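Input: a single structure, listed below in structure tokens.
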Amino acid sequence: DTTVKQNPRYKLARVGKPVNLICSQTMNHDTMYWYQKKPNQAPKLLLFYYDKILNREADTFEKFQSSRPNNSFCSLYIGSAGLEYSAMYLCASSRDRVDTQYFGPGTRLLVL
Amino acid sequence: GDSVTQTEGLVTLTKGLPVMLNCTYQTTYSPFLFWYVQHLNEAPKLLLKSSTDNKRTEHQGFYATLHKSSSSFHLQKSSVQLSDSALYFCALSASSGSWQLIFGSGTQLTVMP
């Protein structure tokens with residue numbers, strides 16, 4: 001089973017409010033990733049966990065936080081949502097950093 | 001830095017015709033190239049991957065050949081079906097130490113009856 005699950009599938013948030021997105025996988029993959037995808041743009045890597053080590057992209061460092069309480073779960077946290085956060089958020093996992101990434105169906109976030 | 005270019009944002013074809021979706025990349029390191037396909041409301045799924053120069057890789061009727069001389073990994077199919085309508089992403093992973101997956105902007109393929 002190469003399923004990556006994401007919850008919720010759709011999220012409506014108010015400007016200034018926090019948002020928490022959840023991702024899970026049961027493949028015992030070492031690495032989990034979060035991407036942001038906006039229409040007509042490439043998916044943009046926000047951060048990834050290699051085991052318990054969090055790596056965040058420099059240009060989104062202060063905008064997104066994450067936690068990985070165990071190997072199977074990974075969250076993406078936005079402390080104060082802005083309109084620019086409206087996007088599809090894709091979670092992915094891979095056996096290690098050089099292996100194929102398996103994607104979840106995404107969470108579509110709309111900030112109003 | 002590393003980059004991937006997909007020149008067509010939208011491709012519309014009639015069923016049964018051949019298709020080629022362009023993908024070129026830039027990296028100074030040894031590349032791994034991927035094609036992912038995302039159907040509506042589904043997760044992106046791996047379609048093809050390759051790191052071997054001039055070797056054709058095939059899956060589900062789609063094929064691509066990595067050409068390092070031209071930095072290309074074009075996706076082709078000889079006869080498209082209605083079920084091929086989807087968003088196709090080309091992606092690059094390079095042995096620069098980070099192994100991050102860098103995506104192109106995607107090509108939306110629509111197949112008409």
Some residue of region B:56-72 being surrounded by 20 or more Cβ atoms within 10 Å (Cβ to Cβ) and touching a Pro at 6+ places or on another chain (Cβ under 7 Å): no
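Does region A:3-19 include one or more residues that are more than 14 Å from every other protein chain (Cβ to nearest Cβ), outside any strand (DSSP E or B), over 22 Å from B:Leu87 (Cα atoms) and touching a helix residue (DSSP H, G or I) at 6+ places or on another chain (Cβ under 9 Å)? Steps first, answer last, please.
The first filter runs over region A:3-19 and keeps only residues more than 14 Å from every other protein chain (Cβ to nearest Cβ), leaving A:11-19.
So of that shortlist, the ones also outside any strand (DSSP E or B) come out as A:14-18.
If we keep only those that are over 22 Å from B:Leu87 (Cα atoms) as well, we get A:14-18.
Of the ones still in play, those that are also touching a helix residue (DSSP H, G or I) at 6+ places or on another chain (Cβ under 9 Å) are A:15.
The answer is yes; a qualifying residue exists.
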Among (1) within 19 Å of B:Thr110 (Cβ to Cβ); (2) modelled with pLDDT under 95, the one test that B:Ser85 misses: (2)
Among (1) more than 13 Å from B:Gly106 (Cα to Cα); (2) in contact with a Pro (Cβ under 7 Å, 6 or more places away or on another chain); (3) in contact (Cβ under 8 Å) with a residue 12 or more places away in the chain; (4) of a type outside the set (Asp, Glu), the one test that B:Gln38 misses: (1)
Of residues in region A:92-112 being more than 14 Å from every other protein chain (Cβ to nearest Cβ) and surrounded by fewer than 18 Cβ atoms within 10 Å (Cβ to Cβ), the one farthest from the chain's Cα centre (by Cα): A:Leu112
Identity of the residue in region B:14-35, assigned to a strand (DSSP E or B), within 12 Å of another protein chain (Cβ to nearest Cβ) and out of contact with any Leu (no Cβ under 6 Å at 6 or more places or on another chain), that ends up modelled with the lowest pLDDT: B:Phe32
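Taking the criterion of being in a strand (DSSP E or B), among the charged types (D, E, K, R) and facing another protein chain (nearest Cβ under 8 Å), would at least one residue in region B:71-83 satisfy it?
no
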Filter result for the condition that a residue is assigned to a loop (DSSP other than H, G, I, E, B), polar (S, T, N, Q) and under 20 Å from A:Gln101 (Cβ atoms), over B:Asn41, B:Asn54: B:Asn41
Sole residue being within 12 Å of the chain's Cα centre (by Cα) and not aromatic (Phe, Trp, Tyr), chosen from A:Asn55, A:Asn28, A:Asn20: A:Asn20
Residue among A:Tyr85, A:Tyr49, A:Tyr89 that alone is touching a Ser or Thr at 6+ places or on another chain (Cβ under 9 Å), in contact (Cβ under 8 Å) with a residue 12 or more places away in the chain, surrounded by 13 or more Cβ atoms within 10 Å (Cβ to Cβ) and over 23 Å from B:Leu47 (Cβ atoms): A:Tyr49
Those residues of region A:20-49 which are assigned to a loop (DSSP other than H, G, I, E, B) and β-branched (Val, Ile, Thr), in sequence order: A:Thr26
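Out of all the residues in region A:21-46, which are closer than 18 Å to B:Pro44 by Cβ, among the hydroxyl-bearing types (Ser, Thr, Tyr) and either within 12 Å of chain B (Cβ to nearest Cβ) or out of contact with any strand residue (DSSP E or B) (no Cβ under 6 Å at 6 or more places or on another chain) (or both)?
First, pick out the residues of region A:21-46 that are closer than 18 Å to B:Pro44 by Cβ: A:21, A:23-25, A:27, A:29, A:31-46.
Next cut, among the hydroxyl-bearing types (Ser, Thr, Tyr) only: A:24, A:31, A:33, A:35.
Selection gives A:Thr31, A:Tyr33, A:Tyr35.
The values are calculated or read from the model by the stated rules, or taken from the named source; none is laboratory data. Everything numeric in this text was worked out from a predicted model, so none of it was measured. Reconstructed Cβ throughout: ideal geometry from the backbone, glycine too, with neighbour counts over all protein chains shown.
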